[in-house]
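Following: one structure in structure tokens, then a few remarks.
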Amino acid sequence: NAVKMRQLHDKLVKDINTLNSRRQAIKAKVAVAKTQERITKLGASADKIEGSKGAFQRMEAKADKMLDEANAMAELDSQPVDEAQALEEKYKTADVNASVEDELAAMKKKLGL
């Protein structure tokens, strides 16, 4: 009878130890699952942040384009095209180029080329 009680006691101790081991394994799995969930949420947050950065970059590019267009329009409006003055400037440089050509021809003649 005492032997049976001892065997029953040993079996219960063994079962308790097994259950304790399983409980520890379950706790570890729960901890891993929670950690994985946090990592996944952080990854999703990082994706949202990247998406927001992209949206801000697109908005900034659009704003830059609008500013450039506005500046170009302002520049065009502020400087009316005076065709007579533009032609005068063109022919002024032509006179300078002609005098340079004359000077070059004189140098070539002097050198015998």
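Read the figures in this text as sums done on the coordinates, not as results from a lab. Quantities reported herein were computed from a predicted structural model and do not represent experimental measurements. Glycine gets a Cβ as well: all are built from the backbone with ideal geometry, and neighbour counts include every protein chain shown.
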Charges only on Cβ, +1 for Lys and Arg, -1 for Asp and Glu: so what's the dipole of region 2-80 about the Cα centre, in debye to the nearest 20?
1740 debye
Please determine, in degrees from 0 to 90 and to the nearest 10, the orientation of helix 2-78 with respect to the longest principal axis defined by the Cα atoms of the chain, where the helix direction is its Cα long axis.
10 degrees
For the chain, what are the per-bin percents of Cα-Cα distances with bins 5 Å wide, up to the bin holding the maximum?
2, 8, 5, 6, 5, 5, 6, 5, 5, 5, 5, 5, 4, 4, 4, 3, 3, 3, 3, 3, 2, 2, 2, 2, 2, 1, 1, 0
Among the lysines, which fall within straight-line cross-link reach of Lys27, defined as a Cα-Cα distance under 22 Å, with same-chain neighbours fewer than 8 residues apart omitted?
Lys14, Lys41
Once the principal axes of the Cα atoms of region 1-61 are found, what is the range along each, listed largest first in whole angstroms?
89, 6, 5
